[in-house]
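Undergrad: The structure that follows is given in the form of structure tokens.
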Amino acid sequence: MSEGALDGVRVVDLTRVLAGPLCAMWLGDMGADVIKVERPGSGDDTRAWGPPFAGTEAAYFLGVNRNKRSLTLDLGQPRGLEILAELIRGADVVLDNFKIGTLDRWGFTDEWYAEEASAAVRATISGYGSTGPKAAMPGYDFILQAETGLMAITGEPDGESMKLGVAIVDVCTGMLAAMSVLGGLAARGRSGRGQRIELSLHDTGLQMLANVAANHLVSGAEAVRYGNGHPNIVPYRTYPTADGELVVTVGNDTQFARFAQVLGCDGWSSDPRFARNADRVANRDLLDGLIRDRMVTGTRTEWSADLEANGIPCVPINSVAEALASPQTAARGMVTTVEHPTAGELALTGVPFRMFGTPAVIRRPPPTLGQHSREVLAGELGLDAAAISELVAAGVTTVE
């Protein structure tokens, strides 16, 4: 097999910004034909989210929209909605992140889908979902990092609450959306019917609490911030050395005995305060202080060599530039280049999963706005040149 896993699957992508576009991009990486529907004139909001720009294209947009074709449609016009309806009738997957109720107001109700596009798997991403007191409210990653408790457990114990440096709730929602769509397609293979899928940033944020949520639900104790420490494992954090910080992760008691030996503190592994992980968690501050006192006597390079030789996971903290330029990144093909129609040679992050029977590849660079309008309208909908010209004259679409 050489085609992508989703070869022959058509996706109508009505999303913008991050979570939805990421979902659509990963489906495109797997071989799906993704048609990104954008507003004439402006397109996806992130087209303007710069600097930096590659030529006239914002880096933000370029990073999450490869393997797509861009079709501009004014969905405020009846003719634009008619064209969208035709696209959906021929689609396998429809993605949107409109406010709850928007598609219903445009006529794309459950009843419409049942009659016109019953095989479509349709995934809607919103801030809070379609139920609950906040269902009508928009959702933003920063807001949801705060609201779902993620910021309460991020940052130093005596410092301010802190968000992650990327829109992590959006990213994880995009992942869950892609996973859910694949499940919907698998179910359709058995039943022949599509289904409606709903995802919300709120629900994703709560799920991301993972073991922290489980700890609270079992114990009733409020979760707290541990800085770079771990709520359930010690030692598992950054430690200062003579020339910078080193991340050290000791996952079990056997590793801890080897760790203590490398530090020249063999007695720690038999000390009742430290022998078991539960003991180390109970005496976290004491042990962390002792480890700091030892590790500042050597450099990151020295400690890394000794710890790695003894099977203790550790690594210095890379900058983003260092991470993207590392030998491991190169070996995994996680930075690649494509030829963009206006930006020229463009560096992008690579595909983060390997499918050896049905390879996932970057087949298309991120599209310019409306780059494929003519191609989609003629090829997929069968419109002739005169009909397309009429749509352009009416402002329903734009073509290159």
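The values are calculated or read from the model by the stated rules, or taken from the named source; none is laboratory data. Note that this is a predicted model, so its numbers are computed, not measured. Positions of Cβ are backbone-derived with ideal geometry, glycine not excepted, and every protein chain shown enters the neighbour counts. Each accessible area value is taken on the protein alone, full model and side chains, heavy atoms only, with ligands, DNA and RNA left out. Shrake-Rupley method; radii C 1.70, N 1.55, O 1.52, S 1.80 Å.
Undergrad: Would you please name the residue that is most open to solvent (accessible area, probe 1.4 Å), looking only at residues in region 303-357 that are part of a loop (DSSP other than H, G, I, E, B), in contact (Cβ under 8 Å) with a residue 60 or more places away in the chain and over 26 Å from Pro367 (Cα atoms)?
TA: Top of the filtered list is Ile317.
Undergrad: Which one of the conditions (1) free of Cβ contacts under 8 Å to residues at least 12 places away in the same chain; (2) open to solvent by less than 50 Å² (accessible area, probe 1.4 Å); (3) over 30 Å from Gly132 (Cα atoms) does Lys68 fail to meet, given that it meets all the rest?
TA: (1)
Undergrad: Next question. Of (1) closer than 25 Å to Leu144 by Cβ; (2) open to solvent by 10 Å² or more (accessible area, probe 1.4 Å); (3) aliphatic (A, V, I, L, M), Ala24 satisfies all except one. Which?
TA: Answer for Ala24: the failing condition is (2).
Undergrad: Going by the conditions given, is Asp141 in contact (Cβ under 8 Å) with a residue 40 or more places away in the chain, touching a Lys or Arg at 6+ places or on another chain (Cβ under 6 Å) and of a type outside the set (A, V, I, L, M, F, W, C)?
TA: For Asp141, the condition - in contact (Cβ under 8 Å) with a residue 40 or more places away in the chain, touching a Lys or Arg at 6+ places or on another chain (Cβ under 6 Å) and of a type outside the set (A, V, I, L, M, F, W, C) - is not met.
Undergrad: Name the pairs whose Cβ atoms lie under 6 Å apart, with the first residue in region 98-123 and modelled with pLDDT of 95 or more, the second assigned to a helix (DSSP H, G or I) and among the charged types (D, E, K, R), and 6 or more positions between them or separate chains?
TA: Sorted first by the residue in region 98-123, then by its partner, the pairs are Glu116/Arg89; Ala117/Arg89.
Undergrad: Turning to a different aspect of this structure: How many of the residues making up region 1-56 are part of a helix (DSSP H, G or I) and modelled with pLDDT under 95?
TA: Looking only at that region, the number is 0.
Undergrad: Ok, one more. Name, by its number, the condition in (1) open to solvent by 60 Å² or more (accessible area, probe 1.4 Å); (2) part of a loop (DSSP other than H, G, I, E, B); (3) over 30 Å from Trp303 (Cα atoms) that does not hold for Asp158.
TA: (3)
Undergrad: Being open to solvent by 10 Å² or more (accessible area, probe 1.4 Å) and in contact with a Phe, Trp or Tyr (Cβ under 6 Å, 6 or more places away or on another chain) is the filter here; which residues of region 35-52 pass it?
TA: Across region 35-52, the qualifying residues are Arg47, Trp49.
Undergrad: I need a count of the residues in region 338-366 that are closer than 16 Å to Ala58 by Cα and either over 20 Å from the mean Cα position of the chain (by Cα) or modelled with pLDDT under 95 (or both).
TA: Total meeting the criteria: 9.
Undergrad: Just checking, does region 140-151 include any residue being part of a loop (DSSP other than H, G, I, E, B) and either of a type in the set (Asp, Glu) or open to solvent by 50 Å² or more (accessible area, probe 1.4 Å) (or both)?
TA: Within region 140-151 (the criterion being part of a loop (DSSP other than H, G, I, E, B) and either of a type in the set (Asp, Glu) or open to solvent by 50 Å² or more (accessible area, probe 1.4 Å) (or both)), the answer is yes, since at least one residue qualifies.
Undergrad: Checking the conditions here, which among Arg258, Arg292 is of a type outside the set (A, V, I, L, M) and more than 24 Å from Ile153 (Cβ to Cβ)?
TA: Arg258 is the lone residue from the list that is of a type outside the set (A, V, I, L, M) and more than 24 Å from Ile153 (Cβ to Cβ).
Undergrad: What number of residues in region 284-302 are open to solvent by less than 40 Å² (accessible area, probe 1.4 Å) and not β-branched (Val, Ile, Thr)?
TA: Here the count works out to 6.
Undergrad: Can you name the residue in region 1-50 that is of a type in the set (Asp, Glu) and within 18 Å of the chain's Cα centre (by Cα) and is also nearest to Asp74 (Cα to Cα) among such residues?
TA: Filtering region 1-50 for residues that are of a type in the set (Asp, Glu) and within 18 Å of the chain's Cα centre (by Cα), the one nearest to Asp74 (Cα to Cα) comes out as Asp44.
Undergrad: Among (1) hydroxyl-bearing (Ser, Thr, Tyr); (2) closer than 26 Å to Ile388 by Cα; (3) in a helix (DSSP H, G or I), where does Tyr60 come up short?
TA: (2)
Undergrad: Considering only region 164-193, state which residues are in a loop (DSSP other than H, G, I, E, B) and surrounded by 17 or more Cβ atoms within 10 Å (Cβ to Cβ).
TA: Residue satisfying the conditions is Ala167 alone.
Undergrad: How do the pairs read when you match residues in region 261-282 that are farther than 22 Å from Glu308 by Cα with residues anywhere that are open to solvent by less than 30 Å² (accessible area, probe 1.4 Å) and part of a loop (DSSP other than H, G, I, E, B), using Cβ under 7 Å and keeping only pairs 6 or more apart or on different chains?
TA: Going by the 7 Å Cβ cut-off, the qualifying pairs are Val281/Val234.
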